[in-house]
Structures are given as structure tokens and as C-alpha cells.
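Have a look at the structure below, then the notes.
Read-outs: derived from the displayed coordinates by stated rules, not from any lab. Because the structure is a prediction, the values reported are computed rather than measured. Every residue, glycine among them, receives a Cβ derived from its backbone with ideal geometry; neighbour counts consider all protein chains shown.
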Amino acid sequence: MSFSSYDSVKEQIREAIDIVELVSRYVPLRRQGANYVGRCPWHDDSRPSLQVNPQRQSYKCWVCNVGGDIFSFIMQVEKVDFREALDILAEKAGIRLPDKRDGVRLDGFLKKDRQNEKSGQNENVEDGRSGINDDPAYVSKKTLYQAMQWACDRYHHALLNLEEALPARKYLEDRGITRASIKQFQIGYAPLERDWWINQLKGDPKRIGILEVLGVLTRRQEEEGGEDRSRRSNQPYDRFRGRVLFPIRDTQDRTVAFGGRVLPNAPFASRAKYINSPETPLFSKHRLLYGLDIARLTMSKTRRALVMEGYTDCIIAHQYGFSDAVAVLGTALGAEHVRILKRFSDKIYLILDGDEAGRKRANEVLELFVAQGADMSVLTLPGGEDPAEYLESQGAEGFTLLLEHESLDALEHAFVAGTRGIDLNNDIVGGTAALDRLLAVIAKAPAMLGQIDEQRILRLEKTIQRLSQRFGIDEGQVRRRLKQIRSNEQSRTQSRTHTRSFEGDTFGAEPVVERGSVPDSRHGIDESVWNDPRQWPDGLERELIELWLADPTTHYAFWEHIDTDWFRSPITRAISRKSNEMFDREKLPTFENLLTSFDDVRMKNFLVDLDESGRAKRMVPPAPTVDAEGNTLEHEAIEQPYTEETKERLVKEIIASFDRRRDDHRHRLDIGKLKGDSLSKEEKIDTLANLLERQKKKHEKK
Ligand SMILES: [Zn+2]
């Protein structure tokens with residue numbers, strides 16, 4: 001999708017959905033003056049603190065300092081990223097996102113001989129709306145989902161009915177997986193016959209291409225030996241053949257991938273025990289969990305998630321009544337997983353098979369715990385048993401007891417793993433080194449998108465208190481060590497991003513950040529900027545943006561006078577750049593347009609913040625009036641637009657301030673040059689003269 005069509009889709013959605021209506025689906029709202037108010041969903045709100053402004057189509061909670069538009073509201077309330085929020089809102093608005101966005105082209109998968117394009121008569125792999133007539137190689141996402149479900153059904157059917165699937169059924173039985181589970185989880189079997197799919201698809205090249213895109217078919221040579229490859233080396237074949245298949249579904253119950261387990265005594269000796277579908281247009285393993293489609297309903301009730309390491313462990317757990325169990329897909333539990341689980345649960349238990357796995361994961365889990373603000377615990381099963389084995393020997397009660405008494409929260413678990421073999425009472429050096437290692441993990445944990453600062457700080461405070469207790473080291477000292485580790489980390493990153501030539505400059509107190517540090521404003525600002533108050537806009541820059549938001553036409557006056565690079569904060573610089581971009585396209589950079597153009601939750605929050613603070617300054621109570629009985633009536637303040645005179649005065653003042661800023665900017669540049677050795681003697685003298693001239697002017701003005 002091109003930039004402009006992306007913007008226009010966002011704008012269409014903004015026009016179609018009213019924020020008051022949207023918010024009130026989550027929070028009851030009532031009118032208060034020109035606004036609506038309701039109880040904030042993000043903090044324990046006894047009085048209605050959430051304000052919704054129907055004119056500006058924005059919301060704000062001052063307690064949480066959270067605000068934005070319809071997009072960031074959905075991002076924050078549903079805990080989804082911008083892409084998903086866009087999908088949800090597009091669907092609500094009945095707007096179809098451009099096709100090219102989600103479909104794929106089969107180029108490279110389709111063979112040249114596409115002559116017999118018969119539509120599948122028995123399987124509806126094609127839905128007719130995918131634009132097959134105008135672009136034969138194009139396949140919509142809907143078609144891909146249908147094809148995947150069809151493949152899943154064929155595999156399931158094969159497991160239940162084929163003679164050759166007997167060992168597969170036997171394997172599942174031996175693992176204790178019931179017939180009911182086989183149906184519920186739609187477990188399947190991929191037949192060994194090399195041309196099985198080609199026959200099922202009746203050789204249709206388009207449908208073969210689709211299954212190749214979906215990773216069901218592959219052309220990659222397998223190391224299986226003894227097979228005649230030369231004849232049909234280029235014929236695609238089943239990636240999973242001879243395996244028991246566990247379909248992986250997304251939270252909308254759509255099959256998107258398979259996990260395949262090799263059978264004991266399988267004919268191909270050197271094969272991996274488990275393989276998963278490759279990353280496809282439908283599947284990203286970092287975002288999906290096995291069994292979540294079934295578990296999420298229970299999770300919403302128990303508010304708990306049990307994360308296992310294997311598919312069969314997850315299924316057995318369900319059989320024992322732990323229907324809030326899911327499994328990772330051969331990867332470690334990651335930030336994306338936690339974000340998704342937090343939508344359904346408050347507490348995440350990671351169930352690990354043995355001590356070794358537990359030790360290896362300790363720091364990863366601690367980082368997730370700190371960064372994601374997730375309540376996480378780790379349960380290491382005794383005796384190296386896996387969850388299925390443990391459940392079979394100890395039953396559901398035994399497992400529940402273990403969960404309740406033997407699981408350690410992430411910090412405790414990391415402490416135990418990190419201090420193993422260290423005598424904390426006597427080995428001071430070893431103890432502090434272990435503490436520093438834990439603090440380093442905590443220091444580098446990134447802030448979660450849209451996370452509320454207050455909660456983060458509280459969480460960190462608690463963590464420090466507990467570390468101080470466990471290590472027997474004074475709380476203040478733990479805090480100082482953390483600060484030290486952080487500032488070491490920061491100076492490392494700063495020396496990368498800050499311009500060298502400004503170092504040691506006595507004139508400019510503020511750090512000057514290199515231009516290139518704003519990546520693409522579409523995706524918002526670099527994480528580090530939001531975490532570093534020194535890079536936030538100062539009073540002057542805030543005032544300017546407030547004025548722009550109050551009246552975007554004032555932008556003209558600044559356009560010629562102010563260079564975007566004179567802004568000291570990357571945040572205001574990005575806004576200024578975006579406004580200029582809109583002007584270039586003859587579009588007014590109004591509050592609404594700016595808000596819509598940024599996808600970053602914090603940028604939206606910042607704009608709403610400035611819009612509100614600017615409006616507060618323009619709130620003036622009308623003169624009191626006297627009613628028929630002679631009583632004086634005071635009136636509520638209402639927003640007064642700036643008069644032309646006021647606007648003119650503000651523009652002049654701000655431009656004058658920026659002129660001084662420009663001089664400072666040049667001053668710092670010159671000093672940097674003088675200190676370096678890039679200038680010739682003559683140039684140095686010239687530069688020095690300029691510098692003195694500016695300094696003289698500055699004093700004359702005073
Ligand atoms: Zn709040």
C-alpha cells in the first residue's frame with residue numbers, strides 16, 4: 001500500500017467511527033459540559049477520570065497520562081498493535097482494507113503451463129472475490145485461510161481413516177491422547193506417498209501453488225536417501241509426510257500452520273523429531289501459541305495461563321482439566337506471546353521440564369517480567385519429568401499442589417538461578433556480581449508500548465526492595481548500582497547517537513541529538529527518546545505546537561522562518577516534519593490529521609496532551625450575568641478562539657525565540673569546528689570573528 005492510500009484508509013476509518021460511541025462500548029459514559037466522562041479502564045478509578053472529547057475525537061485520562069484517538073484507544077484497551085487496531089476498526093466501520101495489503105501473488109510458485117484452469121469442483125479453495133480474472137497469480141488472504149482449513153481437514157481425515165495411519169493412531173494412544181482430544185485439536189496425519197497432495201489437488205497448478213505458499217508443500221530436497229530424485233526433483237511434495245500433525249490456530253480459530261512430529265520407527269532415519277510450518281503470510285511463530293484458540297475461553301475465567309513446552313503436554317493438560325494450558329511453538333516464550341496472553345490472563349506460569357531449561361530461561365523470563373509488566377512464575381518439574389508424565393503419575397491434584405507451592409515468581413526464580421553455588425553470607429564479591437547481573441537485565445528491559453509510567457515505577461520499586469532483602473544489601477545501594485548500570489548503558493548509546501563536535505561545549509547546556517535519530521515518523525519515535533526526559537520538548541517547542549493545533553494556518557508564518565532542525569526534541573521535530581509534509585501535499589496539518597498520521601501510541605498521547613493544555617489556556621469564563629430576580633450568575637468557562645492580534649503576537653514572540661535558538665545552534669557548531677582540526681588557520685579566524693560578532697549582538701540586545 002502506498003503512503004497516501006495508507007493515510008487515506010486511516011482517515012476514512014476516522015470519519016466513520018465516533019469516539020464517544022466506540023469508548024462507550026467499553027466504559028459507560030455520561031455527558032459533562034462539552035465532553036463525556038467515564039471511569040478510566042486503566043486505573044482503579046473511583047470518580048470518572050476518563051474524558052472523551054467529541055469535537056476533537058480524542059480521549060484523555062490525566063491520572064494515567066494516557067490519551068489519543070480511536071486507534072490508540074483500541075490499541076490500549078485491546079492490547080493490540082497498530083496493524084491489528086486498524087483491522088478491528090476497519091471491520092467495525094465496514095471499510096475493506098485494500099486487497100494488495102493482505103493477499104499474496106503466486107509468482108514463482110506457478111508453473112508456466114497454466115492451461116487447465118478448472119475451478120475446483122469439490123473443494124472451494126477459490127472464493128471468486130480474489131480478483132482471479134484480472135490477476136491470475138493473485139490470491140486473497142481469505143482464500144489462503146480456506147485452503148489451510150481444507151488441508152487440515154484432509155490430514156485429519158487421513159489420520160482417522162487411512163490404513164497406513166495405524167502407527168500414528170497407536171502413537172497418540174500410547175501418549176494417552178483420547179479420541180475426543182484428537183477431534184477437538186483436529187490432529188492429523190500426512191501420508192507417506194510422495195504424490196498424495198498432487199493427486200488430491202488433481203494436479204491443478206494454482207492450488208498446488210497455494211499449498212506451497214502455505215508451506216504445506218515444499219520443493220526443498222529432504223535428506224532421506226534411497227529415493228529416486230533425478231526424475232522429479234522439481235515436483236513439490238508434502239513437507240510433513242509420515243508425521244502426526246498438530247494444527248496451529250490463531251485466536252480467531254483459523255488454522256494457520258502445522259507442527260509435525262515424526263513417528264517412532266519412521267522410515268526416514270535422519271529426520272528432526274518436530275518440524276513446524278515455515279513463516280508464511282498467515283503464520284508467525286513469535287505471535288502464536290498452540291492451543292490458545294481453545295484455552296483462551298478458560299483463561300478469561302481463571303485469569304491464568306499455563307505455558308507448556310510441548311504440544312502433547314498441552315493436550316494432556318487439557319484432558320486433566322487444565323484447559324487454560326497452551327504451548328510455545330518450539331521457541332522461547334517472547335514479548336509478543338506475553339502481550340497476547342495478557343489479553344486473557346493476569347498470571348502466566350511457565351512450566352519447564354527440568355532444572356537446566358529453568359536456569360537457561362531465568363534471565364529471559366525476568367526481562368519479560370520487568371518489561372511487560374506481566375505477573376509471571378516458573379514451575380520446574382521435579383525429576384526431569386515432562387508435564388504429561390507428571391500428570392499421569394500424580395494426577396490433577398498433584399499438579400495443582402505443585403503449581404501452588406513449587407512455582408517461583410520470575411524475580412525469585414532468577415535470583416535462585418543467578419546465585420546458585422554462591423555463598424551470599426561470605427562471598428561478597430560473588431554476591432555483588434550476581435546482583436549486578438540481575439540489575440543489568442532489569443536495566444535493559446524496554447518499556448512496554450503504552451505502558452503507564454506509574455505502574456512501571458511501582459513495579460521497579462518493589463523489585464528493588466525484594467532484591468535488597470534477598471541479597472542483604474541496603475536498598476539505597478541497590479538503587480545506586482541500578483542507576484550506575486543504567487547510566488553506563490546510556491552513555492554507551494549516547495556516544496553512538498550524539499554528534500561528536502558538540503562535546504565539551506560550554507554554551508549549549510542541552511544535549512543536541514543527531515538529525516538521523518528520528519527514523520520514520522510514521523512508526524513514531526525511537527524508544528529511547530520517550531524514556532529520556534532530556535529529549536522531551538521544552539516550553540517554547542510545546543507552545544509552538546499548541547499554537548499549530550489551535551490554528552493550523554499559523555503554520556504558514558513559521559514555515560519560512562523556522563528550520564525543522566532547530567527543534568531540540570526529536571518529538572517536536574517529527575511533528576514539524578510531518579506538518580511540512582502535509583503542507584507540501586496541500587493538506588492542512590490539523591490536529592485530527594496529525595493525530596491520524598502517527599501510529600505511535602505515545603505520539604498520539606503527546607498530541608492530545610498539547611491539544612488539551614493549549615485549550616485550557618484559552619478557556620475563559622464569560623462575564624457574569626444578572627437574572628430577573630437580580631442574582632448574579634457565574635458561567636462555566638468556555639473555549640475562546642485566539643483573536644487575530646493574539647495570534648500575531650504569539651507568532652512574533654515564538655519566531656524571535658527561535659532566532660536566538662538558531663544563533664545558539666550556529667554558535668555551538670562554530671565552537672565544535674574550532675575545537676576540531678578540520679579548519680585552516682584563515683577559516684578559524686573567520687569563524688572566531690563570526691562568533692564574537694554574534695556574542696556582541698547578544699549582549700547589545702540585553
Ligand atoms: Zn486512568
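At a 10 angstrom cut-off on C-beta neighbours, averaged per residue, how do the peptides 33-43, 205-215 rank from highest to lowest? Numbers along the way, then the final one.
Numbers: 33-43: 17.2, 205-215: 22.7.
Taking the mean over residues of other Cβ atoms within 10 Å, the ranking is 205-215, 33-43.
Of all lysines in the structure, the ones whose alpha carbon falls short of 24 Å from that of K578, not counting any fewer than 8 places away in one chain, are K10, K60, K587, K604, K647, K652. Computed from the C-beta positions of T178 and E389 and an R0 of 22 Å, the FRET efficiency is 0.85 to the nearest 0.05. Measuring against 29 Å, Cα to Cα, the residue pairs K342/K444; K141/K202; K301/K360 contain K301/K360 as the ones spanning a longer distance. Is region 515-701 best put as rounded, prolate or oblate by its Cα gyration tensor, with a ≥ b ≥ c the root eigenvalues, rounded for a/c under 1.5, and otherwise prolate when a/b is larger than b/c, oblate when not? Prolate shape, in that a/c is at least 1.5 and a/b is the bigger ratio. Rounded to the nearest 20 debye, the dipole size of region 515-701 about its Cα centre is 1100 debye, using +1 on the Cβ of Lys and Arg and -1 on the Cβ of Asp and Glu.
For region 362-383, the residues whose backbone nitrogen is under 20 Å from a point 7 Å from the Cα of T302, taken along Cα to Cβ, are 374-382. The antiparallel fraction among DSSP beta bridges confined to region 287-418 stands at about 20%.
What FRET efficiency do you get for R220 and K617 if R0 is 56 Å and r is their Cβ-Cβ distance, rounded to the nearest 0.05? List each step's numbers first, then the result.
Values: r = 65 Å, r/R0 = 1.16.
For R220 and K617, the calculated efficiency is 0.30.
For E404 and R343, a Förster radius of 22 Å and the Cβ-Cβ distance give a FRET efficiency of 0.35, rounded to the nearest 0.05. Counting only lysines at least 8 places from K681 when in the same chain, those with an alpha carbon closer than 17 Å to its own are K673. Sparse packing (at most 12 other Cβ atoms within 10 Å of the Cβ) combined with a DSSP loop state is found for the following GluC sites (Glu not before Pro) in region 612-702: E629, E634, E636.
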